[in-house]
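The values are calculated or read from the model by the stated rules, or taken from the named source; none is laboratory data. Treat the numbers as computed from the prediction; the structure is a model and nothing was measured. Ideal geometry is used to build each Cβ from the backbone, glycine not excepted, and the neighbour counts take in all protein chains shown. All accessible areas refer to the heavy atoms of the entire protein, side chains included, with ligands and DNA or RNA removed. Shrake-Rupley method; radii C 1.70, N 1.55, O 1.52, S 1.80 Å.
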Amino acid sequence: MRLTLLKSCLTVLLFCVTACGGSPGPETPAAEEAGEHVQSVLSPPAPPASGNIVDSTAYLGPVSLPGAVQAQFTTNPQAFSFSFQAPAGKTLRLEVTHLGSSMYLDTGLFVYGPKDASGSYGATPVAQDDDSGYGQLSKIAALTLAQGGEYLAVVSTGTGAGKRFRLELGDPAAAPASYTLHLGEEALPPDIHALEREAYWGCDGGCDGELHVYAFPWSYAGEPTLAMATRTAQVQQLLADYWLSPTGVIPYADLEPRMEIAYQRLHPALLSTYGNGTEDVRVATYESGYGGGIFRLFVILFPQSHKVVTLWQDHWF
């Protein structure tokens, strides 16, 4: 029934568009322009015999951070390169922008380096992208450079002769205020799993607990917030299942005395396993009481390590 109704709606919509002089879909151009195609091609620069990738590109000089450059492809295939300086730990965005680039252009974007003492950027990219930008343009939303030094950004095409591109280098965009972290669950390491099981049996039937660890991607400026973590479906489901209410946000150091005694050995183990030693780890706490017990949920965010740990516990009187 639903399929029949959908077909009827589409038929009416098609009739209305045609009657108004429109078209039910985009027109196919009579002749395809150079650089315009449906299937994307990454078009990496060919590995040079020298082992220095810049030798396989047309080098156009340095670009500042933040900054932008523009050039035009003249042959197929072709790769242009630009050098830039970045300090260790710098996170930046590289994007072939819609503004300043020709229509129907398909690009590849690569980053090599840092340049070594011999002047080589090497031939293995530290990052690359095909179509993450507008249309078939390229974008590396957030690249963190572990080493400081001079890097090489390469913009390539396989079929874009005669078309222009604009490459912009700058800081990553800020996350939307309502952004929710996309959590992917990871298996517990053997030592953490052993401590969790040890705690369960250590309660001698008087308490229970369940630990989950998640990783999440992050391509925005700054650090994720605890609010972004607590908006996830995994957390919201736990809140609904146990009628939990928020009871505050605490630093990780204050979490141990709020854990059931049997689970307190997890406190230093979680920090050493998932923390980087410098990040500000915070915990959102929740609690409810019904059926003769107390239920607690701890949502722990490791903002620089990009991990979220959830630990719920119940205790019976």
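With open to solvent by less than 30 Å² (accessible area, probe 1.4 Å), assigned to a loop (DSSP other than H, G, I, E, B), among the hydrophobic types (A, V, I, L, M, F, W, C) and under 30 Å from GLN70 (Cα atoms) as the only criterion, which of LEU167, LEU137 stands out?
Only one candidate qualifies: LEU137.
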Open item on the list: Would you confirm, using the coordinates I've provided, whether GLY108 is on the phi > 0 side of the Ramachandran plot and surrounded by 19 or more Cβ atoms within 10 Å (Cβ to Cβ)?
Closed with: no
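Just one of THR273, THR232 is touching a Leu at 6+ places or on another chain (Cβ under 6 Å) and either loosely packed, with under 14 Cβ neighbours inside 10 Å or touching a residue at least 60 places away in the same chain (Cβ under 8 Å) (or both); which is it?
When all the criteria are applied, what remains is THR232.
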TODO: Output yes when any residue across segment 188-208 is assigned to a strand (DSSP E or B) and open to solvent by 50 Å² or more (accessible area, probe 1.4 Å), and no when none is.
DONE: no
Task: Top-ranked residue in segment 226-269 [being hydrophobic (A, V, I, L, M, F, W, C), in a helix (DSSP H, G or I) and modelled with pLDDT of 95 or more; ranked as farthest from GLY184 (Cα to Cα)] - done: ALA253
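What about GLU260, is it touching a Cys at 6+ places or on another chain (Cβ under 9 Å) and among the charged types (D, E, K, R)?
In short, yes.
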Task: Answer from THR285, THR273 - the residue that is in contact with a Gly (Cβ under 8 Å, 6 or more places away or on another chain) and farther than 16 Å from PRO224 by Cα - done: THR285
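Which residues, counting only those in segment 289-309, are part of a strand (DSSP E or B) and crowded, with 18+ Cβ neighbours inside 10 Å?
PHE295, ARG296, LEU297, PHE298, VAL299, ILE300, LEU301, PHE302, LYS307, VAL308, VAL309
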TODO: Please name all residue pairs, on different chains or six or more residues apart, with Cβ atoms under 7 Å, provided the first residue is in segment 235-250 and is on the phi < 0 side of the Ramachandran plot and free of Cβ contacts under 8 Å to residues at least 24 places away in the same chain and the second residue is surrounded by 11 or more Cβ atoms within 10 Å (Cβ to Cβ) and of a type outside the set (Gly, Ala, Ser).
DONE: none
Open item on the list: I need the full set of residues from segment 52-98 which are closer than 12 Å to THR157 by Cα and either assigned to a loop (DSSP other than H, G, I, E, B) or touching a Pro at 6+ places or on another chain (Cβ under 6 Å) (or both), in order please.
Closed with: THR57, PHE73, THR74, THR75, ASN76, PRO77, ALA79
Task: Only one of SER101, SER156, SER138, SER120 that is farther than 30 Å from LEU226 by Cβ, at pLDDT 95 or above and under 17 Å from the mean Cα position of the chain (by Cα) - done: SER138
